[in-house]
Amino acid sequence: MRFADPLALLLIPFALAGALWALHRERLRRAPLAYPGSAALARFGAAGGVWRRLPVLLKALALVLMVAALARPQRVFRQEASWTSGVDILLVLDTSLSMRALDFGSQDRMGAAKDAARAFIRRRTSDRIGILVFAGVPLLTCPLTLDYDALLEFLSDVQSGMTESDGTAIGDGIAAAVSHVKDAPAKNKVLILVTDGANNTGVVDPLTAARAAKACGIRIYAIGTGRKGPAMVPVDDPRLGRQLVQIDDELDEGVLESAAAETGGRYYRAQNLMELNNIYGQIDRLEKTERRLPPVVSYHDLHAWLLVPAALLLLAGMALGRTLLMRIP
């Protein structure tokens, strides 16, 4: 146990001094009127003096307890440092407008990618995971974290077109992800790249970015989404409203496979939600690395255990001070 504010204990001598002064005044107090002699009253002598001092003693004890509560006594819980396994993983999600294509059953590609990523996150226990999205430009939406509840909230906010930039800059997305993961403490560092297109904008070539990832010890697992062949994408027309527009299958599987192989990772193709979940299941079986967790110290306040009896003592002292017995001189 410890006191969070131990200086407050310096007030205890003043509380005791006040109690002694109150007892001294009680001892000097005399009855203003002389009562007729009575043997019965005489028997109250010494006992009556003790009873008259009891309210002051109770209030003094209550004051001491309140001062001790002011010092904030705390119970200390200490958890020693421990080892745990984990991988630092950054989800790199394509949010270009083509991810709205409706070829995953009742969902579009973006919705299926989020559902599979959500299930993957919930299976992990000791891995730091983050989210980076890209279209024409990359954007880090959640840094590496163990707070999976917050991570899932950020994932829910991911939408196609959220970067407000045209095109699919796969190379820039990989390069930005590498810069955020390269200094992470875990031995195993992984990028899970999900895209449905080809690199058609940006300043960094995907293979160049993959070589940078390899130099930093980062593996890339690339997932190509979407059925082979054309797909339909909903588009909002200002005159005709929402229309379905056909788009071609532009997924550059060769570049994605080469980029993943360059880093010792793998390339997968997912044409439906079941395949996408199975791919994440395979990635879920990544080799774990051990990480030393720092010691955890927590404190539980105990002041209520002092304030409650202090209040009861104070009420008892006030009640006794107003009884008929305490008014007998």
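Condition check ((1) touching a Ser or Thr at 6+ places or on another chain (Cβ under 7 Å); (2) of a type in the set (K, R)) across all residues:
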residue: G167; (1), (2): yes, no
residue: I170; (1), (2): yes, no
residue: H180; (1), (2): no, no
residue: K189; (1), (2): no, yes
residue: A210; (1), (2): yes, no
residue: G226; (1), (2): no, no
residue: V233; (1), (2): yes, no
residue: P238; (1), (2): no, no
residue: R242; (1), (2): no, yes
**Request:** Go through segment 205-233 and give me each residue that's among the small types (G, A, S) and touching a residue at least 40 places away in the same chain (Cβ under 8 Å).
**Result:** A209, A210, A213, A222, G224, G226, A231
**Extreme residue, surrounded by the most Cβ atoms within 10 Å (Cβ to Cβ), among residues of segment 187-212 that are assigned to a loop (DSSP other than H, G, I, E, B) and in contact with a Gly (Cβ under 6 Å, 6 or more places away or on another chain)** = D196
**Message:** Considering only segment 98-119, I want to know if a residue exists there that is free of Cβ contacts under 8 Å to residues at least 24 places away in the same chain and open to solvent by 10 Å² or more (accessible area, probe 1.4 Å).
**Reply:** yes
**Request:** Mind listing just one residue for me: the one in segment 177-186 that is aliphatic (A, V, I, L, M) and either part of a loop (DSSP other than H, G, I, E, B) or open to solvent by 20 Å² or more (accessible area, probe 1.4 Å) (or both) and, of those, nearest to P138 (Cα to Cα)?
**Result:** A184
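Tell me the residue from R30, R2, R52 that is at pLDDT below 80, open to solvent by 70 Å² or more (accessible area, probe 1.4 Å) and of a type outside the set (A, V, I, L, M, F, W, C), please.
Step by step, each of R30, R2, R52 is checked, and only R30 is at pLDDT below 80, open to solvent by 70 Å² or more (accessible area, probe 1.4 Å) and of a type outside the set (A, V, I, L, M, F, W, C).
Go through segment 214-252 and count every residue that is acidic (D, E) and surrounded by 15 or more Cβ atoms within 10 Å (Cβ to Cβ).
So the count comes out to 2.
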**Prompt:** Scanning for something touching an Asp or Glu at 6+ places or on another chain (Cβ under 6 Å), farther than 30 Å from L307 by Cβ and of a type in the set (F, W, Y), does segment 96-113 turn up at least one residue?
**Reply:** no
**Request:** Have a look at L20, L65 and point out the one that is closer than 23 Å to L312 by Cα, surrounded by 15 or more Cβ atoms within 10 Å (Cβ to Cβ) and modelled with pLDDT of 75 or more.
**Result:** L65
**Complete:** Within segment 126-159, the residues that are among the hydroxyl-bearing types (S, T, Y) and either in contact (Cβ under 8 Å) with a residue 24 or more places away in the chain or open to solvent by less than 10 Å² (accessible area, probe 1.4 Å) (or both) are S126, Y148, S156
**Request:** For G173, indicate whether it is out of contact with any Phe, Trp or Tyr (no Cβ under 7 Å at 6 or more places or on another chain) and either assigned to a loop (DSSP other than H, G, I, E, B) or not aromatic (F, W, Y) (or both).
**Result:** no
**Prompt:** Could we say that V92 is modelled with pLDDT of 90 or more and open to solvent by less than 20 Å² (accessible area, probe 1.4 Å) here?
**Reply:** yes
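The values are calculated or read from the model by the stated rules, or taken from the named source; none is laboratory data. Bear in mind that the values here come from a model prediction, so they are computed numbers and not experimental data. Methodologically, a virtual Cβ is constructed for each residue, glycine included, from the backbone with ideal geometry; neighbour enumeration extends over all protein chains shown. For accessibility, only protein heavy atoms count, side chains too; no ligands or nucleic acids. Shrake-Rupley method; radii C 1.70, N 1.55, O 1.52, S 1.80 Å.
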